[in-house]
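Since the structure comes first, as structure tokens, the remarks are kept for the end.
Read-outs: derived from the displayed coordinates by stated rules, not from any lab. Keep in mind the model is a prediction, meaning the values are calculated, not measured. Note that we place each Cβ from the backbone using ideal geometry, even for glycine, and neighbour counts take in every protein chain shown.
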Amino acid sequence: MSVSVERRAAGTGDVVTITYDRQTKLNSLDSAGIAALSDAFKSLAGDRNMRAVVLTGAGPKSFVGGADVNELNALTPDTGRAFITALHELFVLIRELPVPVIARVNGYCLGAGMEMAAACDLRVASDNAIFGMPEVKVGIPSVIEAALLPRLVGWGRANYLVLTAENITAATANDWGFLESLTSAAGLDAEVARIADAIAAAGPLAVRSQKALVGEWEKLSVDDAIRAGIDSLSDAFKTDEPQRMMKPFFERKR
């Protein structure tokens, strides 16, 4: 198992790619993998040069094929609580990273893998991707970030996934609204790069503010969310970013 962190220049900073590599186990998540991914996200939290993160699984067969079934089989009530709490804490790190995280999904995206994708801000998949929540098949409920699924696909479809444990195709996941973009396997990297570059071309402070605001929208009433947005726009003008980012618009008009 390994976790790699790579960078490329984009916009005024870097796009960072985090790759989880446990291909012999379809990139399933064990405790060591969860810890390594958590360390990678923690190391990036204060990086001011980062503009977006791409999260993916190594190889053509799997994004993340779920939690490691061998480790699950050996859990007790106490170790089960510790394992699932550590997995949830990883997903919190993803959701609270200051910049957008894009899930690059190729192949199997099951259980903990589908929850990991749900925890990302955007999801881009190849047409050979397979999605599913198989936990009830092995005698456990789908938990933690499975709670995000109703917001993404609706209650009925979320119920279908977690109650039947049946897989769905990438086309179905796209139709249900789980994906932001669906492309061919050959075009996956180009599509992910296009979206990451669009984020990197925007105002970096504005993007960070926008991600934080979206997180607030999940928790607040509509009225409070609107007030939070007013505060965010006012705060934007405490910096020179709006004037700098608007300047090319006026130059083009001239």
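Using a 10 Å Cβ count of at most 14 others and DSSP loop calls, identify the longest part of the chain lacking such GluC sites (Glu not before Pro).
1-165
Which value results when the Cα radius of gyration for the range 204-253 is divided by 2.2 N^0.38 Å?
With N residues counted in the range 204-253, Rg over 2.2 N^0.38 Å equals 1.35.
Cα centroids of the range 44-60 and the range 210-254: how far apart, whole angstrom?
Cα centres, the range 44-60 to the range 210-254: 24 Å.
Among Thr183, Thr24, which comes first, then next, by fewest other beta-carbon atoms within 10 Å? Before the final figure, lay out the partial values.
Details: Thr183 19, Thr24 9.
Result, fewest neighbours first: Thr24, Thr183.
Once you keep just the Cα pairs under 8 angstrom separated by 6 or more residues, what percentage relative contact order results for the chain?
17 percent
Could you calculate, for the range 102-246, the ratio of the Cα radius of gyration to the Kirkwood radius, expressed as Rg to Rh?
Answer for the range 102-246: 1.05.
Can you classify the range 63-173 as rounded, prolate or oblate using the Cα gyration tensor, where a ≥ b ≥ c are the square roots of its eigenvalues, rounded means a/c under 1.5, and otherwise it's prolate if a/b beats b/c and oblate if not?
oblate
Strictly greater than 18 Å: what percent of every Cα pair in the range 159-208 meets that? Don't skip to the answer; put the middle values down first.
Working: 631 of 1225 pairs.
Within the range 159-208, distances greater than 18 Å cover 52 percent of Cα pairs.
Could you work out Rg/(2.2 N^0.38 Å) for the chain, with Rg from alpha carbons only?
1.05
With the chain treated as a Gaussian network of Cα nodes joined by springs under 10 Å, which of Pro98, Pro134, Pro242 yields the largest mean-square fluctuation?
Pro242
Taking a quarter of the surface of the convex hull around the Cα atoms of the range 1-99, what do you get in nm²?
Result: 6.5 nm².
Rounded, prolate or oblate: pick one for the range 83-148, where a ≥ b ≥ c are the square roots of the eigenvalues of its C-alpha gyration tensor, a/c under 1.5 means rounded, and failing that, prolate if a/b is larger than b/c, else oblate.
oblate
Could you work out the equivalent-ellipsoid semi-axes for the range 52-91, taking the square root of 5 times each eigenvalue of the Cα gyration tensor, largest first, in whole Å?
Taking √(5λ) for each Cα gyration eigenvalue gives 24, 15, 4 Å.
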